[in-house]
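Read the structure below first, then the notes.
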Amino acid sequence: MKDDDKKINSNFETGANSNEINDLILFSDNTERLATLRDNIYKKGAQNNNLKFSDFTPLLKLAIIMYRNEFIKDLESYKAIANLNKEKRLDFCNLYLLEFNNWKKDNL
């Protein structure tokens with residue numbers, strides 16, 4: 001995540017408002033399968049010029065599953081990601097929506 005505007009109220013490099021979402025975004029951006037899904041969502045949004053935060057729900061769901069599988073032995077991280085509340089889930093999707101403009105600059 002590069003958009004400096006969204007980092008103003010955040011303590012995290014990704015712009016996230018919580019440690020759990022920061023970890024999940026970093027995991028997603030550095031996991032090939034999830035990064036590919038993110039890019040496919042961005043490409044679809046660029047084609048039809050219409051992208052909304054709910055378009056990132058499949059990315060969120062897969063990221064949670066893959067994160068939990070990766071860190072199943074770290075019970076604290078596992079529980080934190082498994083039990084994300086609605087506000088944190090919206091934060092995840094919204095941060096990817098905000099990042100879309102940076103992605104377009106770099107990829108189109």
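The values are calculated or read from the model by the stated rules, or taken from the named source; none is laboratory data. Every value quoted in this text rests on a predicted model; they were computed, and no experiment measured them. Glycine gets a Cβ as well: all are built from the backbone with ideal geometry, and neighbour counts include every protein chain shown.
Numbers at a glance
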item	result
Residue check for K104: part of a helix (DSSP H, G or I), at pLDDT below 90 and farther than 19 Å from N19 by Cβ	yes
Flag if S54 is buried (at least 17 other Cβ atoms within 10 Å of the Cβ) and of a type outside the set (F, W, Y)	no
Members of the stretch 67-93 that are modelled with pLDDT under 90 and acidic (D, E)	E70, D74, E76
Subset tally (residues that are within 17 Å of N102 (Cα to Cα) and either aliphatic (A, V, I, L, M) or not in a helix (DSSP H, G or I) (or both)) for the stretch 45-80	5
Flag if F56 is at pLDDT 90 or above and aromatic (F, W, Y)	yes
Near pairs, Cβ below 7 angstrom, 6+ apart or cross-chain, from the stretch 32-44 (free of Cβ contacts under 8 Å to residues at least 40 places away in the same chain and in a helix (DSSP H, G or I)) to any residue that is of a type in the set (A, V, I, L, M) and surrounded by 13 or more Cβ atoms within 10 Å (Cβ to Cβ)	L34/L59; L34/L62; L34/A63; L34/M66; L37/L59; L37/L62
Output for the stretch 59-108, where each listed residue is surrounded by 18 or more Cβ atoms within 10 Å (Cβ to Cβ) and of a type in the set (K, R)	K88, R89
